[in-house]
Each structure stands twice: as C-alpha cells, then as structure tokens.
Number of protein chains: 2
Amino acid sequence: MGDSVPKFTDERRSEIRRTLLDVGAEQFADRGLEETAIADLTGEAGIATGTFYSFFDSKEELLAAILRREAEHVYADLRVVLKENEDDPETALRQFVRVAGDALVTTPLFRKTISREDRARLVEELPDTDILESHREKRDILVPYIEQWQQAGRITDGDVDTIASGILYIATLALRRDEIGDARYPTVRDCLIDWMVAGLCT
Amino acid sequence: MGDSVPKFTDERRSEIRRTLLDVGAEQFADRGLEETAIADLTGEAGIATGTFYSFFDSKEELLAAILRREAEHVYADLRVVLKENEDDPETALRQFVRVAGDALVTTPLFRKTISREDRARLVEELPDTDILESHREKRDILVPYIEQWQQAGRITDGDVDTIASGILYIATLALRRDEIGDARYPTVRDCLIDWMVAGLCT
C-alpha cells in the first residue's frame, strides 16, 4: 500500500484512463466538480482511490482532459464538414455553424458541468489550460477555407479574421438560448445563417 | 432626529433624487454595489444617511432605478433612430444595431457595476425587477418597424420575432468583446451588420 502504484500494462492503463474520462464526463455533468468525489470515479474504474493520481493530478486535471477530448471531437467534426464541402462554400458554412452551435447545445459537459463556478475554478487551478479558448482553435480551422474561397472568388473579399469572428459569433448563438427560448433557437440560428450566406457568398 | 424625515419641497425632493441617481451611478461604477456605503451617497446629496430611505428602500433599489434610467435613455435613442430613418430601412437597421451595441460598450454601469455578482444580487433582492430584461423592450421597439417594412416590401418576409431576435443578437456582439478584442470589435460588428442588411433588405 502506501504510495506504491500498481503496475499496469500499457493497454490496461489506456483502458483505465478512458474509463476515468467516461465516468468523469458522466458524473461531472450530473453533479458538477465539487460534488463528485475521486472515490466515485475510481470505484467505477476498478482502481484504488490513490491510484487516481497516477493518471491525473487532480479532479480539475481530469475535467480539463474530458473537455479537451470533447472539444477535439467537435473540431474533428468541423474539419470533416469543411473538407467534405470545400467545393460548395455555402453548404460548408451552413454546416459549420450548425455543427459548432449544436455542440454547445448537445454536449452534456458544455451544458451542465461547466457552470460559471466550475469554469472559474478550472481557470484558477489550471492557469495554462487552453481548453476554454476554443475560439482560436475554431478560427484556425476556418481561416484556410475562407482564404481558399476568397481566392476562388466564391465568397466576398474582406479581412479574413473579421469574417471568421463573424461566423464564430453566429455559431455561438446557443450561449444565449435561455434568452431566446429553446423553441425559437433553431429558427433564429437559421435566420442568422441565411444573413451570413447572403453577405458572404457570391 | 429618530425616524423623522425632513420635509422637502417637491422640487427639492426631485433634485435630491436626481443627485442620488447621479452619484450612485458614479460610485457603483467605480466600486460596485458591495463597496459603496449609503453614507457615501447621502454625503454628496447633502442629506442625512437615514433620509436615504425616504427615497429608496435599499442600495439595490437605487441601482435598479439607475439602470432603468440608463436603459430608458438607450430606448429613447433607439426609437429616435428608427423614427428618423423609417423611410430607409437599411440606415435605420444599421444605426439601431450600432446604438444598441455601443450602449453596452460606453455606458459605465453596464460595463462595470453590473458585474456578475451585482447582477445576481439584484435579481435576488428584486425578483420583480424587469430592468435586466431589455431584450423584450428592444424587441417591442423594433417589431412595428419590421412589420411596416415587410408590408412595404422593403425587407424580406419571415417571422417577425425571429428577425427581431437575429437583429438583437447582432446588437449584443459587444458582450463578447473580451474574446474578440477591443481593436477588432468595430470591424466584426460592421461585418455582421453588412450580412444582416444583405439578408434582410430587398
């Protein structure tokens, strides 16, 4: 016992890590960071409580890893949407905004765990984390396509970063869903997408 | 002394009230609700501390009155902008978004006092207050013009409330200014306004 850590095969380590990510995602979404004990997580992963720390330094580190994984899934979806529709900017842009926006609505952790308090705590405990800076990542995914479409004369000229910020702003309408109302959200989103296409696509 | 309240003329009451609103706006913007004492406010208004309560029930009530006054100024500006340009929907809409958006940037209380904490406190202490629900008020200002312009064929058809929500979403880009950057904010705002006009104006 004491500080000794069981030796796991690489395969078993990777399996435990994945289980901690899955269980953590579920529990944090249900009860938030504060109310989830490390013992709750390790129990389901079939490891001793102390063994948790050979995988993550803290609950906050686990939450950061969960959010990074969720964000990477969204980025992967966004890359696919743009790649698959690179010859059709209008469809690519419509899909991009829908996928980015709907991720904010449907991803349980974005919706529930990342309460204001947990977000503040995460930033405080992990000052170097970049997982909340998804704006920059999405911008980097988008910009090469904007440049390519501008060069091909398929979308209007204009500062690429400004256009990317405009698209990303529309893609985060979901953050204002409480104010707009759940029922009206999809129609307002589609209205804004129509305006974006009218303004951008030639 | 005791609970007795000095008798003021109506004119003097109205002057004191205005001073409390002005001084309160300044102090709350500088230090927030918590750090401002009632004595700080009454000192500048030239009244005894206890007399404050013959004007407002609490600091929160004063803050609510200040915010209501600031909001009414913005609504008045928005009404003027629409009225003055009712024959030119494009100009009217461009100005509407600029005025509504810039109010969020330049009004000291919106920028500073209304920290997350003060906002939560205000809602808690004054559950019936509607001063934070500016969305509905701005919508009511906008909707008759949208209807009028649709009837005249000057802007596209479509659900009036959806269009109003889209316009108001663009008008609140300023709330995301930290993320976008102060320098880029005006160009992103103008880009979104261009898209709105391209999508709406016929």
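Side notes on the structure shown:
- With respect to (1) at pLDDT 95 or above; (2) surrounded by 15 or more Cβ atoms within 10 Å (Cβ to Cβ), the lone exception for B:P144 is condition (2).
- In region A:103-116, residue modelled with the highest pLDDT [restricted to those that are within 14 Å of chain B (Cβ to nearest Cβ) and in a helix (DSSP H, G or I)]: A:L104
- Checking each residue of region B:121-133 against the condition of being in a helix (DSSP H, G or I) and either modelled with pLDDT of 95 or more or among the hydroxyl-bearing types (S, T, Y) (or both) gives no match.
- For A:Y75: the one exception among (1) modelled with pLDDT of 95 or more; (2) assigned by TED's automatic domain parsing to the domain that holds A:R98: (1)
- Selection count where residues are touching a residue at least 12 places away in the same chain (Cβ under 8 Å) and within 17 Å of B:R184 (Cβ to Cβ), scope region A:144-186: 12
- Candidates in region B:171-196 are the residues that are crowded, with 23+ Cβ neighbours inside 10 Å and either more than 7 Å from chain A (Cβ to nearest Cβ) or of a type in the set (D, E, K, R) (or both); of these, the one that is farthest from B:L93 (Cα to Cα) is B:R189.
- Count - residues of region B:28-44 that are surrounded by 20 or more Cβ atoms within 10 Å (Cβ to Cβ) and either assigned by TED's automatic domain parsing to the domain that holds B:S134 or in a helix (DSSP H, G or I) (or both): 4
- Filter result for A:I141 (away from chain B (no Cβ under 11 Å), within 23 Å of B:A183 (Cβ to Cβ), of a type outside the set (S, T, Y) and touching a residue at least 60 places away in the same chain (Cβ under 8 Å)): yes
- Flag if A:A100 is surrounded by fewer than 16 Cβ atoms within 10 Å (Cβ to Cβ), under 30 Å from A:A171 (Cβ atoms), under 13 Å from the mean Cα position of the chain (by Cα) and at pLDDT 90 or above: no
- Of the candidates A:A164, A:A152, the single residue that is closer than 25 Å to B:E90 by Cα and either at pLDDT 95 or above or within 11 Å of another protein chain (Cβ to nearest Cβ) (or both) is A:A164.
- Selection within region B:1-21 - assigned to a helix (DSSP H, G or I) and surrounded by 15 or more Cβ atoms within 10 Å (Cβ to Cβ): B:I16, B:R17, B:T19, B:L20, B:L21
- Scanning region B:181-202 for residues that are assigned to a loop (DSSP other than H, G, I, E, B) and either at positive phi or of a type in the set (D, E, K, R) (or both) yields B:G181, B:D182, B:R184.
The values are calculated or read from the model by the stated rules, or taken from the named source; none is laboratory data. All figures in this text were calculated on a predicted structure; none of them were measured in a lab. Don't worry about glycine lacking a Cβ; one is built from the backbone with ideal geometry, like all the others, and counts go over all protein chains shown.
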